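One structure is given here, and the rest of the page talks about it.
Here, each number is a calculation from the coordinates, and none is a lab measurement. These numbers come from a predicted model, not from an experiment. All Cβ positions, even for glycine, are placed from backbone atoms using ideal geometry, and neighbour counts span all protein chains on display.
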Amino acid sequence: MTDGILGKAATMEIPIHGNGEAGQLPEDDGLEQVMVSGPNLNETSIVSGGYGGSGDGLIPTGSGRHPSHSTSPSGPGDEVARGIAGEKFDIVKKWGINTYKCTKQLLSERFGRGSRTVDLELELQIELLRETKRKYESVLQLGRALTAHLYSLLQTQHALGDAFADLSQKSPELQEEFGYNAETQKLLCKNGETLLGAVNFFVSSINTLVTKTMEDTLMTVKQYEAARLEYDAYRTDLEELSLGPRDAGTRGRLESAQATFQTHRDKYEKLRGDVAIKLKFLEENKIKVMHKQLLLFHNAVSAYFAGNQKQLEQTLQQFNIKLRPPGAEKPSWLEEQ
């Protein structure tokens, strides 16, 4: 029966009005968000007859027995139980109707038979954010690879310095040569540890920007997209009722549809405003963070490869980066990644 409903929804003619344009559709984040936010009940029931079916199809789960017919009068506890069951049924019914309407709207948009509300400027900003996040994730991955390579290089240089120092003690004829090579490797290790601290700070900041700040904004975007889908679904429902005959029964349904539509419209407009504000603050924060981090990365790398130990240490002081002292009990920065 569900296939019949969806088939009908996929071929249903829905007029395109001036408040929406059919265009390229995003991913199904809106419907997914609607489905995820479904009813969470301690006791579940199965409703037969499709979404929004009648109460006659309610089948309690966890019981294979037919309901017993007792002739004893109902007590207060039975009344409370029936009230709770009725409330849960209403919640499931409303969620089912909402899901059906959103699925119907989504299919009509996909097959070009329905209209969708489009905020072109906002959607361009959202798409730009998603593209920026993908690029920053690539930078983050490369930064982590760089820290791993630097750490491996430091371990090799440290071992090589120890080997040179040992041979300096055991090879009198090459003591001087082994000695200054050992000192060179120790100096390189010291500068490398300083560079590693700077790069790790850079990677940590990018990670926070991508996985916390950007992700938080995108979560609000998903809620906005779900609200947009619901808004258009109930807008379409209201438009169809408005085009139908006007009798006593229709007027009541029309008033109810108008009230429901207004509720979803308010929710949609609120989330649209929230997304616009978060996008604005995110852009400002991104520029501020990246200005600092890119300057740190450039100064640290330049000083390291120029062999300027003093400038390298000054860079860490400038950005308030403190290296963990040797022998600390806390896990190394590499283990924290």
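A few comments on the model shown:
- Residue-count net charge about residue 177 - beta-carbon cut-off 15 Å; Lys, Arg +1, Asp, Glu -1: -3
- Distance from region 249-310 to region 136-200 (C-alpha centre basis), Å: 42 Å
- Each of the peptides 310-316, 103-109, 133-139 was scored by the mean count of other Cβ atoms within 10 Å over its residues; in descending order, highest first, they stand as 103-109, 310-316, 133-139.
- Cut-off under 5 Å, modelled amide H: who pairs with residue 114 long-range: 109
- Calculated diffusion of region 144-320, Stokes-Einstein form, Kirkwood radius summed over Cα pairs, 20 °C and 1.002 mPa s, µm²/s: 99 µm²/s
- Charge dipole (Cα centre; +1 on Lys/Arg Cβ, -1 on Asp/Glu Cβ; no other charges) of region 144-320 amounts to roughly 640 debye.
- Take every Cα pair under 8 Å whose residues are at least 6 apart in sequence, average their separation, divide by the length of region 144-320, and the relative contact order is 25 percent.
- Per-peptide average of other Cβ atoms within 10 Å, ordering 153-159, 180-186 highest first: 180-186, 153-159
- Working from label points 7 Å from Cα in the Cα-to-Cβ sense, the residue 219 to residue 134 distance is 2.4 nm.
- Burial ranking of peptide ranges 232-239, 288-295 (average Cβ count within 10 Å, highest at the top): 232-239, 288-295
- Computed from the C-beta positions of residue 285 and residue 175, the FRET efficiency with R₀ = 56 Å rounds to 0.50.
- For region 194-272, diffusion coefficient by Stokes-Einstein and Kirkwood Rh (Cα), 25 °C, 0.890 mPa s, µm²/s: 156 µm²/s
- Along the axis of the charge dipole computed for region 144-320 (Cβ charges of +1 for Lys and Arg, -1 for Asp and Glu, origin at the Cα centre), the listed residues 213, 259, 302 are led at the positive end by 259.
- Out-of-range pairs (alpha-carbon distance over 19 Å; input 101/270; 135/212; 190/288; 212/278): 101/270; 190/288
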